[in-house]
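J.: Quick one: the structure is below, questions incoming.
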Amino acid sequence: LDEKTLDFSVKVGNVIVATGFSEFEPLGIHGYGQYANVVTQSKLARMMDPSGPTNGRIQRLSDGKKPSRIAMIQCVGSRDKNHAYCSKICCMIALKHARSIKKENPEVEVTICYTDIRLAGKEYEAYYNECKSIGVRFVRGEVEKVVEDSNKNLTIHVGRASGEVVTVAADLLILS
């Protein structure tokens with residue numbers, strides 16, 4: 001802490017200037033900012049961190065209870081008519097969190113609602129297959145709406161290409 005400022009020269013091949021960023025806040029999307037039990041993957045990561053605000057416990061924000069049904073929605077704020085891009089990291093983060101949840105709490109239902117699972121490399125494909133083998137459920141389609149009931153539980157309505165609508169019940173919803 002008492003170190004003095006030092007000027008020196010270094011020969012490098014590249015310089016990266018990182019100006020920072022603001023995390024995407026999906027206000028108004030799928031109940032975020034409206035329903036207490038809808039959070040982002042970043043907020044879930046903070047919850048799962050032993051040094052985080054909940055000491056590593058995943059809990060519903062509405063009542064502090066441990067959720068028994070967790071759903072994740074992929075491609076929130078991207079891959080739509082306004083934002084055609086894919087961040088190429090959300091799927092892996094969702095799989096990582098889903099796997100951690102299932103490994104520590106096998107009784108918790110974890111469902112990932114997705115358009116496409118985009119992973120780079122064979123090792124990540126193996127990770128995806130491991131998630132399926134430990135019971136992570138995958139529902140492909142477009143989320144049409146999220147509805148909250150009087151107990152702050154959520155129902156996610158997923159429209160499939162066939163025209164069928166699948167409903168997913170959740171105590172906690174995570175947006176990727």
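J.: Grab every C-alpha pair in the stretch 6-104, bin the distances at 10 angstrom width from 0 up to the longest one, and report whole percents.
T.: For the stretch 6-104, the binned pair fractions read 11, 37, 28, 13, 8, 2 percent.
J.: Okay, moving on. Skip the ligands, DNA and RNA, and give the accessible area per residue of the stretch 78-154 with a 1.4 Å probe, whole Å².
T.: I get 62 Å² per residue for the stretch 78-154.
J.: Note down the relative contact order for the stretch 1-143 as a percent, whole number, built from C-alpha pairs under 8 angstrom at least six residues apart.
T.: Once normalised by length, the contact order is 17 percent.
J.: Using all C-alpha to C-alpha distances in the stretch 1-42, build P(r) with 10 Å bins and read off the rounded percent in each one.
T.: Going from the shortest bin to the longest, the percentages are 18, 23, 19, 16, 20, 4.
J.: Follow-up question, since we're still on this one. Any idea how far apart Asp80 and Ser62 come out in nm if each label point goes 7 Å out from Cα toward Cβ?
T.: Label at Asp80, label at Ser62, 2.2 nm between them.
J.: I'd like the Kirkwood hydrodynamic radius of the stretch 39-176, using the inverse of the mean 1/r over distinct C-alpha pairs, in Å.
T.: Its Kirkwood hydrodynamic radius stands at 15.4 Å.
J.: So, with +1 on the Cβ of K and R and -1 on the Cβ of D and E, and no other charges, what is the size of the charge dipole of the stretch 75-176 about its Cα centre, to the nearest 20 debye?
T.: Charge dipole of the stretch 75-176: 360 debye, to the nearest 20.
J.: Output the 0 to 90 degree angle, nearest 10, between the alpha-carbon long axis of helix 90-104 and the longest principal axis computed from the alpha carbons of the chain.
T.: With both axes taken from Cα atoms, the answer is about 70 degrees.
J.: Non-local amide H neighbours of Tyr35 (under 5 Å, H modeled in plane, Pro and chain starts lacking H): which ones?
T.: Hits under the 5 Å cutoff: none.
J.: Quick one: Karplus J couplings for the stretch 62-75, per residue in order, coefficients 6.51, -1.76, 1.60, θ = phi - 60°, nearest Hz, x for Gly and Pro?
T.: 6, 9, x, 7, 6, x, 9, 9, 10, 10, 10, 10, 8, 6
J.: Need one number: % antiparallel among DSSP beta bridges in the chain, to the nearest 5.
T.: 45 percent
J.: Right, next: Counting only helical runs of four or more DSSP H residues, what would the 222 nm mean residue ellipticity of the chain come to if each run contributes -39,500 (n - 2.57) and the total is spread over all its residues?
T.: Roughly -6000 deg cm²/dmol at 222 nm, from the helical runs in the chain.
J.: Okay, moving on. Rounded to the nearest 20 debye, what is the charge dipole size of the chain about its Cα centre when +1 sits on each Lys and Arg Cβ and -1 on each Asp and Glu Cβ?
T.: Taking the Cα centre of the chain as origin, the dipole is about 320 debye.
J.: Further question on the same structure: Quick one: of Lys43/Lys65; Lys102/Lys152; Lys102/Lys145; Lys66/Lys103; Lys66/Lys96; Lys65/Lys102, which pairs are farther than 21 Å apart, Cα to Cα?
T.: In this structure, Lys102/Lys152; Lys102/Lys145 exceed 21 Å between Cα atoms.
J.: Report, in whole Å, the centroid distance computed from the Cα atoms of the stretch 107-176 and the stretch 1-65.
T.: 23 Å
The values are calculated or read from the model by the stated rules, or taken from the named source; none is laboratory data. All values derive from a computational prediction rather than experimental measurement. Cβ coordinates were reconstructed from backbone atoms using ideal geometry, including for glycine residues, and neighbour counts include every protein chain displayed. Accessible surface areas use protein heavy atoms only, side chains included; no ligands, DNA or RNA. Shrake-Rupley method; radii C 1.70, N 1.55, O 1.52, S 1.80 Å.
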